[in-house]
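The values are calculated or read from the model by the stated rules, or taken from the named source; none is laboratory data. Keep in mind the model is a prediction, meaning the values are calculated, not measured. A quick note on method: Cβ atoms are made from the backbone with ideal geometry, for glycine too, and the neighbour counts reach across all protein chains shown. The accessibility values were calculated without ligands, DNA or RNA, using every heavy atom of the protein model including side chains. Shrake-Rupley method; radii C 1.70, N 1.55, O 1.52, S 1.80 Å.
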Amino acid sequence: MRLLRMLAALAATGALVFAGTAPASAASDLPNFQIGIQLIDNGYEIGQMQMTPFATFGGGCSDWAGDPNSFDPDGARVLLMPAPRGRLGDRDLRLGIQVQDRNGSETGPVQWTAWASQGGSMSPDAFDTNYFDPDRVRVCLETRTMPAAIDLYDLRVSIKTVDLGGRDQNGYRQYTPWLYDGGGFSPWAYDSNAFDPDGFSIGLEVY
């Protein structure tokens, strides 16, 4: 089914050609979108979802997300949200994630995925400055002009939590639905004991 859908998308964008003809450059017909992050504590205390600006507005970082008391969340999920109208067009993109502790006094650097035109990737793990129990997280979306002759047919986002300063990598990476299928929430991502992770990684998967 996904192969048939991809072939249909190729045909619709003019990228599916017969032998002896040159492939035409085409912009993505994916919806414009934004991404968000939400944190949870104790299995039921859910903080406010924080969203980036939309991709066609250049992207940017979300506000900081925390659990309801903004202290040591246990897990996170991401949201891939298509716009009700508008297309991504010729925008390349990458995703970032950043964490902080102690009301911003311990803020780590943004960690980025590879660009969509490079195939996407998982970001390196993002930590605060002491690699221990951050309180808040935000996600970022950066865009640029898509390099020539590269078309984007679908994408999804993922989130993972890690512990013990990154030594515990046994939590499951959790994925949103594909953007072409309407996007949506990922399941909640936890480290191996579902308690106070030290770091977070975001992922961008494309084809």
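Solvent-accessible area per residue in the chain equals 46 Å², computed with a 1.4 angstrom probe and all protein chains kept.
Rounded to the nearest 10 degrees, the angle from helix 2-13 to the longest Cα principal axis of the chain is 60 degrees.
Taking only protein heavy atoms and a 1.4 Å probe, the accessible area of the chain is 55% carbon and sulfur. Ordering Gln48, Ser105, Leu88 by Cα displacement along the dipole of the chain toward the positive end leaves Leu88 in first place; charges were set at the Cβ atoms of Lys, Arg (+1) and Asp, Glu (-1).
Our coupling estimate for segment 105-110, obtained by passing each phi through the Karplus curve with A = 6.51, B = -1.76, C = 1.60 and θ = phi - 60°, is 6, 10, 10, x, x, 5 Hz, Gly and Pro reported as x. Pair-distance distribution P(r) for segment 63-172, from all Cα-Cα distances in 10 Å bins starting at 0: 13, 41, 29, 16, 2 percent. Starting from the 7 Å offset along Cα-to-Cβ, what nm value, one decimal, do you get for the label separation of Phe71 and Asp133? Label at Phe71, label at Asp133, 1.0 nm between them. You can think of it this way: the chain between Asp29 and Leu164 has 44.4 nm of extra reach, that is 0.36 nm per residue less the Cα-Cα gap. Highest average first, the peptides 131-139, 160-168 ordered by how many other beta carbon atoms sit within 10 Å of their residues are 131-139, 160-168.
The three principal axes of the Cα atoms in the chain give end-to-end lengths of 60, 31, 31 Å, sorted in falling order.
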